[in-house]
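Take a look at the structure below.
The values are calculated or read from the model by the stated rules, or taken from the named source; none is laboratory data. Bear in mind the structure is a predicted one, so any value in this text is a computation, not a measurement. With ideal geometry, Cβ positions are generated from the backbone for all residues, glycine too; neighbour counts draw on all protein chains shown. With ligands, DNA and RNA removed, areas are computed over all heavy atoms of the protein, side chains included. Shrake-Rupley method; radii C 1.70, N 1.55, O 1.52, S 1.80 Å.
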Amino acid sequence: MKQITLAIAFQMAFTTSVLAQDYDKGLAAYQAGDYATALQEWRPLAEQGNAIAQTDLGFMYQSGKGVLQDDAEAVKWYRMAAEQGFAYAQGNLGLMYSKGNGVTQDDAEAAKWTRMAAVQGNAQAQFNLALMYRNGKGVLQDYAEAAKWWRMAAEQGDAEAQNSLGWNYRKGFGVLQDYAEAVKWYRMAAEQGHTKAQNNLGAMYHEGSGGLEDNITAHMWYNIASANGNKYGGENRDIIAKEMTSEDILKAQAMARECMSSNYQKCGY
């Protein structure tokens, strides 16, 4: 499950310049690590009913920054903002119910609040709702619904959702099996540095799914995944290396270096 962090709320705009100025003072203090001043600026806004400040105050209590860590207090502020319809707070409140932090664990409540945020277009909530549908937690298990919500998050650029949607297409869960679509979504995530997607993309080329067999490209992606800390990438790279000539391995290694040095802009295709 994805935590919606304080930094996301920073992107929201206030309706009055006075509130914006007060909020910005708190933001500058927070970014400088002066949590006491951030709290001093944001608490009055939160107490006046500002949903953004309430959400940020909730996050401070959840993370224990500038205050004693207190999940119940975090839930209190998230709920105030969530009941005003603020998607970021709704998503975090759903996560608190999912984990049982500060509230009694309740999958149905988690799904309720997560859905409210998801329908407003919040990518993190869409990802979390998809997980709930995949696992049947708080909702009936439904792979098609999971794929629907993962697609919404993936189309917003969420790398984890892109990787998950790639898996759906690879396995044919909730969608018609389509290896080309699986590669497309894996690649989008891989090019954002998502190590599981990098390893999965290597597997697609290694297995030759949909006629894509290419050990050099597979080795490249396995090698990149390994370099980024994915343990399976290194294991798979060493397995496929036994099927390759030394010349092909050198070529794959050169491609991996070029791919990473170009920030995934030049990856051998």
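The helices (runs of 4 or more DSSP H) falling completely within region 29-124 that include 1 or more residues that are open to solvent by 30 Å² or more (accessible area, probe 1.4 Å), on the phi < 0 side of the Ramachandran plot and of a type in the set (Asp, Glu) map to 35-47, 71-82, 107-119. Scanning region 153-168 turns up at least one residue that is assigned to a loop (DSSP other than H, G, I, E, B), closer than 18 Å to Met1 by Cα and open to solvent by 50 Å² or more (accessible area, probe 1.4 Å). Screening Thr217 with (1) in contact (Cβ under 8 Å) with a residue 40 or more places away in the chain; (2) part of a loop (DSSP other than H, G, I, E, B) gives one miss only, at (2).
Could you tell me whether any residue of region 227-241 is closer than 30 Å to Ala123 by Cα, among the small types (Gly, Ala, Ser), under 23 Å from the mean Cα position of the chain (by Cα) and in a helix (DSSP H, G or I)? Within region 227-241 (the criterion being closer than 30 Å to Ala123 by Cα, among the small types (Gly, Ala, Ser), under 23 Å from the mean Cα position of the chain (by Cα) and in a helix (DSSP H, G or I)), the answer is yes, since at least one residue qualifies. When Gly136, Gly211 are screened for being under 27 Å from Glu258 (Cβ atoms) and out of contact with any Leu (no Cβ under 8 Å at 6 or more places or on another chain), only Gly211 passes.
For region 213-233, the condition holds for at least one residue, the condition being that it is open to solvent by less than 10 Å² (accessible area, probe 1.4 Å), under 22 Å from Gly157 (Cα atoms) and among the small types (Gly, Ala, Ser).
Taking every residue in region 179-200 that is without any contact (Cβ under 8 Å) to a residue 60 or more places away in the chain and pairing it with any residue that is of a type in the set (Val, Ile, Thr) and surrounded by fewer than 21 Cβ atoms within 10 Å (Cβ to Cβ), at least 6 positions away or on another chain, the pairs with Cβ-Cβ distances below 9 Å are Glu181/Val175.
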